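First the structure, in the form of structure tokens, and then the observations on it.
Read-outs: derived from the displayed coordinates by stated rules, not from any lab. None of the values given here were measured: they were computed from a predicted structure. As a convention, Cβ positions derive from the backbone with ideal geometry for all residues, glycine included, and neighbour counts pool all protein chains shown.
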Amino acid sequence: MALIHHVVTGQAGPPIVFVHGFGCALSDWDAQVAHFSPHYQTITLDLRGHGESFGAAAECSIERYGADVAEVLRALRLPPAILVGHSMGCRVETEVALQAPNTRRR
């Protein structure tokens, strides 16, 4: 599968990765991106089956979401990132940290 839909904004500072909750989309983070992107690189994404990312119900799980986010981080070749999640996004970020521990800041 191609990478899930994501948007990279800003270039300075450590990257901040924002992951939305169930039934939401990357646009839920617009205010945070506007605030942080002048000083940090921000990455927002639509989880599989949300927003502009395709995904059948059978493909949607916390583990699959975490793998998708980790794949985006690896593909972008980011330095360790600050992971931020809302609601279900918090569980996804925990899964990212488990599946790809070198992609998060300690």
- Does the range 37-85 come out rounded, prolate or oblate, given a ≥ b ≥ c as the square roots of the eigenvalues of its C-alpha gyration tensor, rounded meaning a/c under 1.5 and, failing that, prolate meaning a/b above b/c? prolate
- Query: By the scheme Lys and Arg +1, Asp and Glu -1, what is the net charge of all other residues having a beta-carbon under 15 Å from that of SER53?
  - Reply: -4
- Between ALA75 and SER27, take the C-beta separation as r, use R0 = 30 Å, and let me know the FRET efficiency to the nearest 0.05. 0.90
- Task: Compute the signed sum of charges (Lys and Arg +1, Asp and Glu -1) over the other residues within less than 15 Å, Cβ to Cβ, of ALA25.
- Result: -4
- Query: Which net charge results for the neighbourhood of THR44, defined as the other residues with beta-carbon distances under 11 angstrom from its beta-carbon, given Lys and Arg at +1 and Asp and Glu at -1?
  - Reply: -3
- the chain: most fluctuating residue of ALA56, ALA81, ALA12 per GNM, C-alpha cutoff 10 Å: ALA56
- Cβ-Cβ FRET estimate between SER61 and THR9, R0 fixed at 25 Å, reported to 0.05: 0.35
- Note on the structure: Once normalised by the length of the chain, the mean sequence separation of its alpha carbon contacts under 8 Å that are 6 or more apart gives a contact order in percent of 33 percent
- Query: Does the range 16-106 classify as rounded, prolate or oblate by the C-alpha gyration tensor (a ≥ b ≥ c root eigenvalues; a/c under 1.5 gives rounded; else a/b over b/c gives prolate, otherwise oblate)?
  - Reply: oblate
- Would you work out which of PRO38, SER53, SER27 lies farthest towards the positive end of the dipole of the chain, given +1 charges on the beta-carbon of Lys and Arg and -1 on that of Asp and Glu, about the Cα centre? PRO38
- Measure nothing fancy, just the Cα-based angle from helix 88-99's long axis to the longest principal axis of the chain, in degrees from 0 to 90, nearest 10. 80 degrees
- Comparing HIS35, HIS20, HIS86, which has the greatest mean-square fluctuation in the GNM of the chain with Cα pairs linked when under 10 Å apart? HIS35
- How much of the DSSP beta bridge set in the chain is antiparallel, as a percent to the nearest 5? 30 percent
